[in-house]
């Protein structure tokens, strides 16, 4: 069996609930309280011997045992507790009985509200503190604990002037500096011990290819001799990068859960502080903690979430690479029809990036001191540490001892890997970088099945496969949110089990947002329906790489209507014909409005024209899909003329723009003519779909296809649109709406009702 197969078939670390016996305690954890009691007993004995010099050691021990019997009782209780632990570690039946008992007690306790349990825990803690204080005061005053507790206020008042003077000095001399920086250097770091982490690799769905690579890092963390005996070194860091919600944080938690090592969660935003140097102190404090945990547990996993917040060391001032902003929102997403929804993913990405149209720059950022401290700590794990080791030993002419091999696995996650400093990503610091992308269809199916298994539902395997198909870019977080929203909808409708309709509605609401409760005037409603029908019919007729998800004329927050499309399969390459069909779908609104409204068109086509122009620009000058071969981007970078030559350097940029814009305009004009011809051939289908949109407001992709092809859909029956009489009624209504549009009045003809004409079936 190959090593890869061994890694894939390696069983996960068992969960605490699956263990037959209790986890074995370390020797230190087993004796630490007994050691404390022993030291306390010896200190008390020494105190009694100091007060009475003629007392023998045997008598001192005997007197301490008789006078401090409570200490003996505590030691006996601790011995009984450790015996109980030993039996639970060895005998599975014994451990099972106690586990069932504590599970029962835990269930009874959790019947109380969170607030009640919180207050009870606070009361128990304060009672314990008061008890310990009474015991200590009783030993000091040589009085019973209860009586000594009431004597404490008198002693406190007598010492109050001295304490006030001391506090004055401390506040204004020490706390102003040392304590201030100490408290500011705390926070932003959460430590979870092995028993606190319950996440395993089996809880991470849809990212098996990344998990297989991560297993290698964990193998070297648990058994470093596997690579060190051959002269290699253990990789020290992993970078997980990819879109939000793909499971990067969950992977980091599962690493700690699989290895049984402590898990330290670091919020890089906590390193940002108004005082210079606080971030450096936090970094040094963090790695001091990591070294201690690594020594005690044999390793530790530290996770930096949103690692791009660490900043870099001035990439712009160093003349670093130009970066492209991904935050610019194109106007197509603010237009009347939300024009970006029907485009392919690559087209939307190109438009929102605006990489070709305008360049941008990013980077910089502050926190260079914090980042430098982090780089130093990552590189200094193998350097001698400690005052005695580095200073005293050198003073005595001795070489410092090499530090122990700290098993610290640094895991970072980011959505913007280009923002990270290159020094952070060099080998020896962050050794491996894995992209955690959108899960494949198989991964999405598994994720849906995982979250649906936690709730009651009636979805079949075919329906789960279908919802995974129509959500191509869903992450684990979005899938979890969709299932939760579907459950809320089911409960709202008086059910406890999720149905297919709940999942579809939840998907639409999460993707589009809730629709606004407004009613269009009749002529405007018809115009919007025709606009969206042109998009939908063009997409249905010309595009094979995308499928219509839904079409709606319900008003949203930033659109009047939309046609949303999705890819039916996971595709990683894009072709000229696909981009041309995207442009045809964009231009369908302009061509359709001019055709149906007598050469008139609305401002709602602006976003569609922007998307068409941007894609055509990239095709002509960047992707090699136009009439020329040379790249417009390279020509502009090297100040070269447009293809065909130029007269001079001063005219270069102007000639390039004019030449490129002319070719783009020519291509768009040809595609507009093609779009007009396709719409004329499908005039009846467009009016039929517009009628269906006005009737039902929102249609699924299946119903859109049913209306266009005149077949039976999931909800809408498209067969009535085969009836010539009914089509004539729809045409008459459209002509009346056009006249009403021109004269700004209410149409004379009402919207035809399905069933008013006889249905013709084939």
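Bear in mind that the values in this text are calculations on the coordinates, not laboratory data. Computed from a predicted model, the values in this text were never measured in an experiment. Ideal geometry is used to build each Cβ from the backbone, glycine not excepted, and the neighbour counts take in all protein chains shown.
The simple spin-label model puts a point 7 Å past each Cα toward its Cβ; for residue 630 and residue 94 those points are separated by 8.7 nm.
Placing dummy labels 7 Å off each Cα toward the beta-carbon, the span from residue 57 to residue 190 is 5.2 nm.
Name the shape class, rounded, prolate or oblate, that the alpha-carbon gyration tensor gives for region 59-141, where a ≥ b ≥ c are the square roots of its eigenvalues, rounded holds for a/c under 1.5, and otherwise prolate holds if a/b is larger than b/c and oblate otherwise. Could the numbers behind the result be given before it?
Numbers: a/c = 5.60, a/b = 1.32, b/c = 4.26.
Here region 59-141 falls in the oblate category.
Ratio of alpha-carbon Rg to the 2.2 N^0.38 Å globular estimate for region 441-512, to two decimals, please. Can you show the working numbers first?
Details: Rg = 10.9 Å, N = 72, 2.2 N^0.38 = 11.2 Å.
Normalised Rg, Cα atoms only: 0.97.
Is the shape of region 16-184 best called rounded, prolate or oblate, per the rule: a/c under 1.5 gives rounded, else a/b larger than b/c gives prolate, else oblate, with a ≥ b ≥ c the square roots of the Cα gyration tensor eigenvalues? Oblate.
With neighbours defined as other Cβ atoms within 10 Å of a residue's Cβ, the residues 33, 131 order from fewest to most as 131, 33. Each of 422, 593, 524, 532 was scored by other Cβ atoms within 10 Å of its Cβ. Arranged with the fewest first, they read 422, 524, 593, 532. As a proxy for reagent exposure, ranking 625, 416, 546 by other Cβ atoms within 10 Å from fewest up yields 416, 625, 546. Protection proxy ranking for 604-614, 78-88, using the average of other Cβ atoms within 10 Å per residue and placing the highest first: 604-614, 78-88.
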